[in-house]
Structure formats: C-alpha cells, structure tokens
1. I'm checking my understanding of the structure. Among residues of segment 337-366 that are of a type in the set (S, T, Y) and at pLDDT below 85, which one is farthest from the chain's Cα centre (by Cα)?
2. Just checking, does segment 52-59 include any residue being modelled with pLDDT under 70 and of a type outside the set (A, V, I, L, M)?
3. Could you tell me which residue of segment 99-156 is modelled with the lowest pLDDT, considering only residues that are acidic (D, E) and in a loop (DSSP other than H, G, I, E, B)?
4. Of the numbered conditions (1) assigned to a helix (DSSP H, G or I); (2) modelled with pLDDT of 80 or more, Y284 fails exactly one; give the number of that condition.
5. Scan segment 240-263 and report the pairs whose first residue is at pLDDT below 90 and whose second residue is of a type in the set (D, E) and surrounded by 14 or more Cβ atoms within 10 Å (Cβ to Cβ), with Cβ atoms within less than 9 Å and a gap of 6+ or a chain change.
6. Buried (at least 19 other Cβ atoms within 10 Å of the Cβ), among the β-branched types (V, I, T) and outside the structural domain of D306 (by TED's automatic domain parsing): which single residue out of I285, I213, I261 fits that description?
Amino acid sequence: MRKSTARQMSKDREERRQRIKAMKEALVSRRQATDPWMGLPNTEEIHEVMVSAMTADDRKSTSYHESAHAVLWTLADITVEWVSAVPFYEPRNGWVRGVTKPEDTIDSSKLISYIQGMLAGDLAQKKAGCVDVDGVVTGDVSSGDQGQLERLITQLNTQHGAAFTLTAEQTYHAFLPLVKEKLDNPEVWSAIDALAARLQEVEVVQGDEIREIVARCCRTTLHLSQKIVLTASHLKLIDVPDHARENVRAFLAPFLQSILIGEGECEYTSRLLTQTAKSPRVEYIEGVWSNSRMLAPASHFWNTVDGYVVDLTEEYKLACLERWCAEHEEEKERVDSREVKWLRTPSNAYTFDADSDLLRLVPTKAAATA
C-alpha cells in the first residue's frame with residue numbers, strides 16, 4: 001500500500017511538471033512569430049498558468065520554505081521587503097517557485113546570517129512534513145537555493161582571505177545544526193507557521209506585515225537579540241585573570257558607551273572597539289571559534305586587551321541572558337543557560353596605527369587564544 005501511494009505521488013508530480021512545461025512552451029511558441037524577444041515572455045500570462053497549476057501541497061511547501069527565509073532574516077535584522085509563495089519571473093534567473101526579497105545590498109557583517117537564513121528553507125519544509133515539490137535535493141539544500149548559497153560562500157571567503165576558506169560542504173556542516181536549533185525554537189517556529197499560513201491566503205506578504213508577525217510571535221527571541229550598549233559593570237571578562245579584570249574594565253569603560261552591540265555583528269563591533277580605543281593595548285583578531293555543540297568552526301572576530309581575550313559578542317550574549325532572566329523569573333527555564341566553552345583560533349591580528357589612522361597587521365603570535 002505504501003509503495004503504491006509513493007508511486008502514485010511520484011507519477012502525480014511528474015504529470016504536474018509536464019503539464020506546466022507544456023503550457024509554458026505553448027505560450028512561448030504562440031508568441032514566436034510576432035515577438036522576436038523569446039527570452040522575455042509575457043510573464044503575466046505564464047504567471048497565471050503556473051499559479052493555476054499549483055496544488056495545495058505545492059503552495060504549502062513553498063510557503064514554509066519562503067517563510068523560513070523571511071523569519072530568520074528578519075530576526076537577524078536583515079530587511080525583508082516582501083515574500084511570495086507563487087511562481088515568479090526573475091529576469092536574471094528565469095522562473096522560480098517562490099521569492100523572499102531581502103534588501104538589495106548585502107551587509108558584509110551579516111553574511112553568516114544570510115547563509116543561515118538561506119539554509120532554513122528546505123529544513124522548514126521537512127519539519128512541516130511537506131512533499132518535496134522540486135524533486136531535486138542535494139543533502140539539506142535544494143537546487144533552487146544552491147546558486148545563491150555558493151555566491152554568499154564565495155563572498156564570505158573573499159572577505160576573510162586565504163587564511164579562512166570554506167567549501168560549500170563545510171559551510172553546510174558548520175551551519176545546518178545552528179539553523180535546525182533555531183527552527184526548533186517554539187517562538188521562531190510559530191512565526192514561520194503564521195507567515196506560511198498567510199502566504200497560502202495571499203500571493204504577496206509585505207515587509208511590514210512580516211515584521212509584525214515576527215514581533216508578535218518572537219517576544220523572547222527578539223528580547224534576547226536586541227542591540228544594547230554595554231557598560232564596564234556588565235563585563236564578565238571570563239578569559240581575563242582575576243588580578244587584571246578591574247584594570248581592563250576601567251580601560252574599556254570610556255569606549256563602550258559609543259558602541260551599540262547586536263547579534264551577528266562581531267566583525268563590526270571588534271573593529272569599532274579597536275578604532276575607538278586607538279591604543280596599542282587593543283588588538284583586533286580575525287579567526288574562527290567553535291564549541292562542543294558545533295560540527296565545524298565558524299568565522300569569528302574578537303579583541304584582546306593587554307593580550308587577554310575580550311569578546312564583546314560573548315559579553316553581549318551573557319548580558320542579554322542575564323537581563324531576560326531578571327525580568328522573567330517565572331520563565332527563565334525556557335532560556336538555554338547552559339555554559340558553553342568557546343575555543344578561539346586566531347588567523348590574523350591587527351592594531352591601530354596612529355600614523356595612518358588605519359588598522360595595521362601585526363604578527364599572528366600576538367593574538368591570544370582562549
């Protein structure tokens with residue numbers, strides 16, 4: 001019985017693909033005699049045919065896929081202009097099954113968040129129990145997302161130079177567990193559910209409505225990822241020995257007030273601290289970090305002060321967690337407060353050069369590892 005059902009589902013998918021292909025070819029052929037620009041078909045006509053050919057399963061599957069992109073990017077403070085779960089024609093890529101339209105310019109400090117959001121699409125389809133409508137899946141990444149992912153990975157590698165290079169496979173292994181963990185967050189999944197339901201009602205959901213859904217569903221998650229200004233008293237400095245901790249706090253105090261810290265902005269934050277302090281005591285470190293819950297190291301940036309690791313990203317996470325638990329005593333068990341030991345491996349270290357007003361590369365041995 002199960003094999004028969006699977007064969008029938010496979011047959012139905014193939015018939016549907018052939019039906020859409022035939023209708024599209026018929027439309028292009030009909031225009032061939034009068035329109036020499038065959039590469040630019042009447043998208044309104046083909047759009048109407050393709051939308052009418054979508055089944056409820058097609059729409060549901062695409063809705064969850066696009067909703068996952070939109071929700072994870074919104075949580076990372078990446079502006080999503082609109083999202084659609086119906087066929088859409090892109091001049092550069094041709095026809096795509098659905099579209100999530102982020103801001104035009106990719107912020108280099110958020111490349112990892114872009115990649116994680118891209119990986120979320122197929123994982124959300126699987127989590128929702130959707131049928132694979134494309135029929136082509138490589139590992140956990142659909143063929144439809146692979147091109148954009150490869151461009152993002154190339155950009156990430158270019159940004160960090162020869163000392164840091166990830167293949168596509170290494171990227172998937174590094175980030176898929178983190179993305180799965182985010183989708184398992186009840187608040188995040190409720191936002192994906194709500195947006196997917198909306199996409200099955202309308203063709204396009206605009207950015208304001210996406211942000212309203214995320215704000216409504218993700219109170220705790222957003223609270224834990226709000227940008228904040230740290231003070232010296234916030235700093236735990238867990239990698240600085242006891243005898244030096246107060247001295248480091250006092251040194252950093254005047255610089256922290258001008259640094260707004262948020263999730264996924266380690267490169268920007270670390271550079272800003274170095275350039276604000278303008279002191280040989282501070283170094284900006286490029287490298288990777290990992291912990292026992294990650295399958296592979298991830299790109300990371302931090303500072304050292306007097307040779308001791310000062311990681312404002314880690315300080316930010318600890319401060320947000322502490323604030324949430326203080327304000328929501330009755331709910332703090334929902335927040336994962338397990339201590340995680342981070343292992344940092346430096347590749348390059350920089351210090352501020354007062355003569356050029358720029359960061360200057362210094363010997364890697366000056367970078368501390370925690």
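1. First pass over segment 337-366, keeping only residues of a type in the set (S, T, Y): 337, 345, 347, 350-351, 356, 364.
Now drop any that are not at pLDDT below 85, which leaves 337, 356, 364.
On the way: S337: 22, S356: 35, T364: 29 Å.
Here the answer is S356.
2. In the first step, residues of segment 52-59 are kept if they are modelled with pLDDT under 70; the result is 52-53.
Checking the rest, the ones that are also of a type outside the set (A, V, I, L, M) come to 52.
Checking segment 52-59: at least one residue is modelled with pLDDT under 70 and of a type outside the set (A, V, I, L, M).
3. Of the residues in segment 99-156, the ones acidic (D, E) are 103-104, 107, 122, 132, 134, 140, 145, 150.
Subset that is in a loop (DSSP other than H, G, I, E, B): 103-104, 107, 132, 134, 140.
Values: E103: 80, D104: 75, D107: 72, D132: 53, D134: 42, D140: 48.
Of everything passing the filter in segment 99-156, D134 is modelled with the lowest pLDDT.
4. Against the list (1) assigned to a helix (DSSP H, G or I); (2) modelled with pLDDT of 80 or more, Y284 comes up short only on (1).
5. What qualifies is I261/E315; G262/D77; E263/D77.
6. Details: I285 fails: outside the structural domain of D306 (by TED's automatic domain parsing); I261 fails: outside the structural domain of D306 (by TED's automatic domain parsing).
Criteria check complete, one pass: I213.
The values are calculated or read from the model by the stated rules, or taken from the named source; none is laboratory data. These numbers were taken from a predicted model, which means no experiment stands behind them. Here Cβ is always computed from backbone atoms with ideal geometry, including for glycine, and neighbour counts include all displayed protein chains.
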